[in-house]
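Here's the structure we're looking at; comments come further down.
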Amino acid sequence: MSSWTTVRIPPSPMIAVDHAGQGDLLVFLHGIGGNKRNWHDNIGAFAQYWHAVAWDARGYGESDDYEGPLKFTAYADDLARVLDHFKARRAHIVGLSMGGRIAMDFAARYPDRLLTLTLCDTHQGFAHFSDEKKREFIRIRKEPLVNGAEPKDIAGPVAKTLIGSKAPKEAFDKLVDSMSRLHKESYIKSIEASVMGDHGGSLGSIKVPTHVICGGDDKLTTPEMARELAALIPGAKLSIVPDAGHLVNIEKPAEFNAVAIDFIRAAGA
């Protein structure tokens, strides 16, 4: 029996979340190749202190797909809808990779709805890319899927580029499973929206306690990028988790849980 309850939040597109615990709301946001299952090793630990929620972003997992193009800002609006559903004026937000960029956009657009911000294995966005570099970034990731490949076909090769060299096979298998469950068309929309419309606002205006966490072996969003990100946010704390790659919460769940929970509890928000 699972230790969480799953609900779907209206209106359309319905947003599926797993949740457990009581107290202030805390929301986990997965990366571009993820879903709410990515946080199943974390929900229980956080639910001892807060009402912990892991979502499937629109077009992912058990959440609805949607018609038409995607604006990156839609994710932040959906997140506000999750807070409203649980009658939470503010929440602790924990985002990994694309989830971290969603969290930063939420901080820019809904600054009064934050208690704390935890940014994991993420970066500032693609504003510094030239238009040509943005198009090439999208092309490389779209091309196999547009040409007939399915998410399960790319899951293994992509997972190998993300996982740390010392990660257990169980962590690798979880990542492959996660990417195999992607909704193909929605995933393509997420790639395009994340690169072309992701700006996140001014990090210097973030007022809440902020924690930047990075796997020491992350090759995609490196520890150096994490240091640069933390330096842009007033008072931000930086934590590097040794022997973890890009999926720090999956590869090193106990270590991640400890460092993230300690920060939020110490913030006293």
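The values are calculated or read from the model by the stated rules, or taken from the named source; none is laboratory data. A quick note: this is a predicted structure, and the numbers were derived from the prediction, not measured. Note that each Cβ is placed from the backbone with ideal geometry, even for glycine, and that neighbours are counted across all protein chains shown.
For I138, the test of being modelled with pLDDT under 90, touching a helix residue (DSSP H, G or I) at 6+ places or on another chain (Cβ under 9 Å) and either over 17 Å from K36 (Cα atoms) or charged (D, E, K, R) (or both) is passed. Annotation: of all residues in segment 237-258 being assigned to a helix (DSSP H, G or I) and not aliphatic (A, V, I, L, M), the one that is farthest from the chain's Cα centre (by Cα) is E255. Taking segment 174-194 as the search range and keeping residues that are farther than 25 Å from G68 by Cα and among the hydrophobic types (A, V, I, L, M, F, W, C), which one is surrounded by the most Cβ atoms within 10 Å (Cβ to Cβ)? Within segment 174-194, the match that is surrounded by the most Cβ atoms within 10 Å (Cβ to Cβ) is L175.
Among the criteria (1) within 26 Å of A236 (Cβ to Cβ); (2) touching a Gly at 6+ places or on another chain (Cβ under 9 Å); (3) surrounded by fewer than 19 Cβ atoms within 10 Å (Cβ to Cβ), the one G197 does not fulfil is (2). Note on segment 119-150: among residues that are free of Cβ contacts under 8 Å to residues at least 12 places away in the same chain and among the charged types (D, E, K, R), the one that is farthest from R101 (Cα to Cα) is E143. Exactly one residue among G59, G68 is more than 17 Å from the chain's Cα centre (by Cα), surrounded by fewer than 24 Cβ atoms within 10 Å (Cβ to Cβ), assigned to a loop (DSSP other than H, G, I, E, B) and among the small types (G, A, S), and that residue is G68. Can you say whether D77 is outside any strand (DSSP E or B), over 24 Å from T5 (Cα atoms) and out of contact with any strand residue (DSSP E or B) (no Cβ under 8 Å at 6 or more places or on another chain), as far as the supplied structure shows? For D77, the condition - outside any strand (DSSP E or B), over 24 Å from T5 (Cα atoms) and out of contact with any strand residue (DSSP E or B) (no Cβ under 8 Å at 6 or more places or on another chain) - is not met. Got at least one residue in segment 106-117 being assigned to a helix (DSSP H, G or I) and within 19 Å of D218 (Cβ to Cβ)? The answer is no; no qualifying residue exists.
The rows are residues; the columns are (1) surrounded by fewer than 19 Cβ atoms within 10 Å (Cβ to Cβ); (2) in contact (Cβ under 8 Å) with a residue 60 or more places away in the chain; (3) more than 14 Å from L96 (Cβ to Cβ); (4) among the small types (G, A, S).
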{"site": "F172", "(1), (2), (3), (4)": "no, no, yes, no"}
{"site": "G215", "(1), (2), (3), (4)": "no, yes, no, yes"}
{"site": "D218", "(1), (2), (3), (4)": "no, yes, no, no"}
{"site": "L238", "(1), (2), (3), (4)": "yes, no, yes, no"}
{"site": "V248", "(1), (2), (3), (4)": "no, yes, no, no"}
{"site": "N257", "(1), (2), (3), (4)": "yes, yes, no, no"}
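A count restricted to segment 29-42 and to residues that are crowded, with 23+ Cβ neighbours inside 10 Å and under 14 Å from P253 (Cα atoms) stands at 2. Across segment 47-56, the number of residues qualifying as crowded, with 20+ Cβ neighbours inside 10 Å and either under 16 Å from the mean Cα position of the chain (by Cα) or without any contact (Cβ under 8 Å) to a residue 40 or more places away in the chain (or both) comes to 5.
Go through segment 1-39 residue by residue and tally those that are among the aliphatic types (A, V, I, L, M) and outside any strand (DSSP E or B). Please lay out each step first, then the result.
Step one: filter segment 1-39 for residues among the aliphatic types (A, V, I, L, M), giving 1, 7, 9, 14-17, 20, 25-27, 29, 32.
Among the residues that remain, those that are also outside any strand (DSSP E or B) are: 1, 14, 32.
Residues flagged as among the aliphatic types (A, V, I, L, M) and outside any strand (DSSP E or B) within segment 1-39 amount to 3.
Residue count for segment 259-269 under the criterion of being of a type outside the set (D, E, K, R), free of Cβ contacts under 8 Å to residues at least 24 places away in the same chain and in a helix (DSSP H, G or I): the result is 1.
The set of residues from segment 1-44 being more than 24 Å from D84 (Cβ to Cβ) and without any contact (Cβ under 8 Å) to a residue 60 or more places away in the chain comprises M1, S2, S3, H40, G44. Selection over segment 94-116 of residues that are closer than 19 Å to W50 by Cβ, of a type outside the set (D, E, K, R) and surrounded by fewer than 24 Cβ atoms within 10 Å (Cβ to Cβ) gives a count of 4.
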